[in-house]
């Protein structure tokens with residue numbers, strides 16, 4: 001896999017030097033560039049784990065890990081295809097019908113299908129068992145009403161997976177009665193409203209669903225099995241290198257600044273490097289588990305919890321050692337972007353509080 005890593009690294013260095021993209025932070029959320037996604041797809045670096053019969057490359061999760069790690073470390077603009085490639089494709093392969101696989105997977109592998117996630121809701125956040133969006137059975141399909149929040153790039157995406165309650169909640173088992181649906185974001189009854197960040201950027205949205213008709217062929221998996229399916233999906237969402245490399249471009253600037261003397265040396269840099277190294281090994285181990293089709297939800301939650309905390313600590317560290325008189329434009333830009341994005345690190349994909357509960361239950365703690 002070394003040859004693959006070096007190939008990706010060389011490509012990214014050349015394209016950045018040519019001005020195709022400006023390296024940034026948190027670019028798997030903020031770096032929306034459909035042309036760049038299609039370029040990556042043409043090189044076989046999207047849909048890598050999708051079987052060839054569905055337009056993918058039929059490669060391993062470990063090979064995909066190498067490619068995604070290099071893309072993130074370079075601060076490349078990968079947001080357009082990221083969610084579709086990361087978790088939508090594996091969920092379709094695990095639970096989708098043949099028609100759904102034929103419809104969506106080739107487009108995902110080509111970098112031409114963009115998806116959002118319809119899990120979180122107002123007043124429920126990461127507590128997915130408290131989902132209140134309802135799916136009611138009607139002739140030929142389901143009618144969905146409710147609203148989802150923090151839906152990344154819904155205003156640019158084609159569809160999203162919606163977790164909804166398809167049966168009344170059982171107080172003794174809150175996880176029952178949940179189902180997943182593939183919802184076209186341009187359907188009648190879908191209203192996408194922007195959530196603008198304090199920095200003025202627009203990545204998040206609230207999506208309102210009012211009697212949205214979803215045909216039977218757009219049910220994902222089995223009605224009533226939504227909780228099991230979502231936990232499978234979260235194994236892919238929470239464990240990847242994006243949970244520890246969102247601020248990596250800023251980290252490299254800190255290293256360079258200490259090397260050339262423009263930043264004061266601080267021993268805490270070594271501690272952050274050690275944390276990143278350990279997290280890299282943990283994330284790689286989860287990729288191996290996914291390759292072996294082993295359960296990885298607890299390990300993924302641990303990677304996400306520790307990884308996003310480290311990302312935020314790195315931004316704070318860079319801020320504490322910075323000197324406004326240096327006038328390093330690139331450093332200041334990356335630092336500003338990191339601090340603006342930092343509040344979302346430990347929220348998206350599950351809050352720290354919820355993840356600690358997931359980890360404790362997974363380890364059999366009481």
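The values are calculated or read from the model by the stated rules, or taken from the named source; none is laboratory data. All of these numbers come straight from a predicted model, not from anything done at the bench. Note that we place each Cβ from the backbone using ideal geometry, even for glycine, and neighbour counts take in every protein chain shown.
Before moving on, here are some points about what is shown:
- Counting only helices (runs of 4 or more DSSP H) that sit completely within segment 243-356, those holding 3 or more residues that are farther than 26 Å from residue 21 by Cα correspond to 268-291, 297-321.
- Top-ranked residue in segment 164-177 [being at negative phi and touching a strand residue (DSSP E or B) at 6+ places or on another chain (Cβ under 6 Å); ranked as surrounded by the fewest Cβ atoms within 10 Å (Cβ to Cβ)]: 176
- Residues that are closer than 18 Å to residue 67 by Cβ, modelled with pLDDT of 95 or more and not in a helix (DSSP H, G or I) within segment 1-38 comprise 20, 21, 23, 31, 33, listed in sequence order.
- Residue within segment 206-217 that is assigned by TED's automatic domain parsing to the domain that holds residue 146, more than 26 Å from residue 321 (Cα to Cα), in contact (Cβ under 8 Å) with a residue 24 or more places away in the chain and touching a helix residue (DSSP H, G or I) at 6+ places or on another chain (Cβ under 8 Å) present: yes
- Under the condition of being within 20 Å of residue 186 (Cβ to Cβ) and either free of Cβ contacts under 8 Å to residues at least 40 places away in the same chain or assigned to a strand (DSSP E or B) (or both), the residues counted in segment 139-162 number 13.
Residue by residue, here is whether (1) at pLDDT 90 or above; (2) assigned by TED's automatic domain parsing to the domain that holds residue 70; (3) surrounded by fewer than 21 Cβ atoms within 10 Å (Cβ to Cβ) holds:
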| residue | (1), (2), (3) |
| --- | --- |
| 264 | no, no, yes |
| 270 | yes, no, yes |
| 284 | yes, no, yes |
| 315 | yes, no, no |
| 329 | no, no, yes |
| 340 | yes, no, yes |
| 344 | no, no, yes |
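- Residue within segment 99-119 that is out of contact with any helix residue (DSSP H, G or I) (no Cβ under 8 Å at 6 or more places or on another chain), surrounded by 22 or more Cβ atoms within 10 Å (Cβ to Cβ) and either closer than 30 Å to residue 357 by Cα or without any contact (Cβ under 8 Å) to a residue 12 or more places away in the chain (or both) present: yes
- Every condition in (1) closer than 25 Å to residue 35 by Cβ; (2) surrounded by fewer than 17 Cβ atoms within 10 Å (Cβ to Cβ); (3) in the same structural domain as residue 80 (by TED's automatic domain parsing) is met by residue 158 except one, and the failing one is (3).
- Of everything listed in (1) part of a loop (DSSP other than H, G, I, E, B); (2) without any contact (Cβ under 8 Å) to a residue 24 or more places away in the chain, the single unmet condition for residue 191 is (1).
- Matching residues in segment 79-107 - criterion: being more than 29 Å from residue 26 (Cβ to Cβ) and either touching a strand residue (DSSP E or B) at 6+ places or on another chain (Cβ under 6 Å) or not assigned by TED's automatic domain parsing to the domain that holds residue 69 (or both): 95
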